[in-house]
1. With a sphere of radius 14 Å drawn around the Cβ of Glu148, what net charge do the other residues whose Cβ falls strictly inside it have (Lys, Arg +1; Asp, Glu -1)?
2. Could you tell me the distance between the Cα centroids of the range 35-111 and the range 114-140, to the nearest Å?
3. Summing Lys, Arg as +1 and Asp, Glu as -1, what charge do residues with Cβ under 15 Å from the Cβ of His104 carry, His104 excluded?
4. At a 10 angstrom cut-off on C-beta neighbours, averaged per residue, how do the peptides 80-89, 1-10 rank from highest to lowest?
5. Which residues does the label zone of Arg173 cover in the range 120-161, counting backbone N under 14 Å from a point 7 Å along Cα→Cβ?
6. How large is the charge dipole for the chain, taken about the Cα centre, if only the Cβ atoms of Lys, Arg (+1) and Asp, Glu (-1) carry charge, to the nearest 20 debye?
7. Where both residues lie in the chain, what percent of DSSP beta bridges are antiparallel, nearest 5?
8. Report the residues of the range 18-51 in range of a label on Lys80: point 7 Å along Cα→C-beta, backbone N strictly under 17 Å from it.
Amino acid sequence: MMLPELLDRASSLADPRGGRTVIGIVGAPGAGKTTLAEALVRGLNAGAAAPEEARFAHVPMDGFHLSDAELARLGLLDRKGAPETFDAYGYAALLARLRTERGHVVYAPGFERVLEQPVAGTVPVFPAAETVVSEGNYLLLDRPGWREVRQQCTEVWYCQQDDALRLRRLTERHVLFGKTPEAAAAWVREVDERNAELIRATRDRADLVVDLESIAAG
């Protein structure tokens, strides 16, 4: 499926009753979830003169990372990025608000890559937004908290990417944000790929599988 077809599908999901649609995008670490989400939102908002007029909003899951201080308290700092290192219930609650609260701006948390920390109130979703695109790793995971996240999504799309390319880009990203090449490779091997196994097992629950190689080629 090419990008124009994805844009058409996203547009067709609008709620005729006036509620918001939530499209979830899931995939293994480094699969290109953010790239796809940004391409969708950019393409669908092409005619908007200002952010306040945009019909599609992008709300990443990364703002629901637990802080390093809390992860250290829980003994999970060396597992950062695993399902239990996110506030899944908080994420589900925000998606529920976004689906129903359209009379005012709803603020979502963001994630500061340099600090590697969540930051509150950095992503405004304006009343004009009819659809929210939200990407993350565990939207299809059959566990408490994550089930509630899935319930708030109109559809969830699974990103599929060539593993060799995905791993290379993932390692490069870790280096870009401060890890040594050796530490980046170790983190990908020992943490990211353990999480990727969980995510790949959820693929069959997706409403749509998106081959990002085909989109790039097209």
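1. Working: positive: Arg97, Arg99, Arg143, Arg147, Arg150; negative: Asp87, Asp142.
Counting the neighbours of Glu148, the net charge comes to +3.
2. 2
3. Local charge sum for His104: +2.
4. Values: 80-89: 17.6, 1-10: 15.0.
Final packing ranking: 80-89, 1-10.
5. Within reach of a label on Arg173: 135-138, 159-161.
6. 260
7. Rounded to the nearest five, the antiparallel share is 30 percent.
8. Answer for this model: 29-30.
Every read-out reported here was derived from the displayed coordinates using simple, explicitly stated rules and does not represent laboratory data. In this text, all values refer to a predicted model and were calculated from it rather than measured experimentally. Note that each Cβ is placed from the backbone with ideal geometry, even for glycine, and that neighbours are counted across all protein chains shown.
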